[in-house]
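Following: one structure in structure tokens, then a few remarks.
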Amino acid sequence: MDEKSLMFHIGPIWFDGTVAMMTIISCIIVFLVVFICSRNLQMKPKGKQNFIEWVIDFVRNIVADNLPGSQVNNFHLLGVTMFLFVFVANEIGLVTKIVTSDDITLWKSPTADPFVTLTLALMVIALTHFFGIKSLGFKNYLINSYLKPVGFLLPLKIIEEFTNVITLGLRLYGNIFAGEVLLGLIANMFMSLGWWSLPIVMPLEMIWIGFSLFIGAIQAYVFVTLTMVFMSHKIVAEH
């Protein structure tokens, strides 16, 4: 399904305005959720404080399952930030769709764009290298990442760095993009068949929205889990 985005350029460089706008909106939503839920904290949490503490504990458990206990405090806020952003970015375009009369999409999930998800994946892999060097030192990092358990695996280890970026990014993109595409197809079916199809189209749309929201949440969980798995490979020394 072809989509037109709101394009703009700065000098010779063109930008996808729809994706940029939706990414900024996702960041604003995450900031507002955290800001509002963290106001007036109490020793006995309730309401919105319960929600944000549940999210933090949930992500902390993901981090603790994949990293040594001594490293959990170093990465759990990174995990919370990634989880909230990816979750919001996944779901925001599944709730509604805004298209102009010129068929230009103004509202979509930013993670339904491969450049966004691949950029997120590239950032994750870059962070694993950074923290690996910071944790082990440059020499030990190279040995731990590329020469253990045996040196002849070096070519495969190098290839793995590229495949990690591709699989991490495209897995997220594929799931969210597919959800939006099918929602669009169901809506187009209603437009083409007319009002008599509403009793069929409406339940299909609602069911698929619910399923897509669930998939979006699962993909946020998977993204953070894989991030911490890749991180553990870089900062934990193999024996």
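The values are calculated or read from the model by the stated rules, or taken from the named source; none is laboratory data. These numbers come from a predicted model, not from an experiment. A quick note on method: Cβ atoms are made from the backbone with ideal geometry, for glycine too, and the neighbour counts reach across all protein chains shown. For accessibility, only protein heavy atoms count, side chains too; no ligands or nucleic acids. Shrake-Rupley method; radii C 1.70, N 1.55, O 1.52, S 1.80 Å.
Values as computed for the structure displayed
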quantity: From 99, 124, residue being within 22 Å of residue 29 (Cα to Cα), touching a residue at least 24 places away in the same chain (Cβ under 8 Å) and surrounded by 15 or more Cβ atoms within 10 Å (Cβ to Cβ); calculated: 124
quantity: Leading residue by the ranking (modelled with the highest pLDDT) among those in the range 4-25 that are in a helix (DSSP H, G or I) and open to solvent by 70 Å² or more (accessible area, probe 1.4 Å); calculated: 24
quantity: Options 62, 28, 52, 56; residue that is assigned to a helix (DSSP H, G or I), within 22 Å of the chain's Cα centre (by Cα), at pLDDT 85 or above and not assigned by the TED database to the domain that holds residue 230; calculated: 28
quantity: Filter result for residue 85 (in contact with a helix residue (DSSP H, G or I) (Cβ under 8 Å, 6 or more places away or on another chain), without any contact (Cβ under 8 Å) to a residue 60 or more places away in the chain and surrounded by 15 or more Cβ atoms within 10 Å (Cβ to Cβ)); calculated: yes
quantity: Residues of the range 137-160 that turn out to be under 15 Å from residue 234 (Cα atoms) and open to solvent by 40 Å² or more (accessible area, probe 1.4 Å), as a count; calculated: 11
quantity: Candidate set: the range 89-105, residues that are charged (D, E, K, R) and under 16 Å from residue 209 (Cα atoms); chosen: the one nearest to the chain's Cα centre (by Cα); calculated: 91
quantity: Leading residue by the ranking (nearest to the chain's Cα centre (by Cα)) among those in the range 161-220 that are surrounded by 12 or more Cβ atoms within 10 Å (Cβ to Cβ) and among the hydroxyl-bearing types (Ser, Thr, Tyr); calculated: 173
quantity: Subset of the range 65-103 (residues that are part of a helix (DSSP H, G or I) and aliphatic (A, V, I, L, M)); calculated: 72, 77, 78, 80, 82, 84, 86, 88, 89, 92, 94, 95
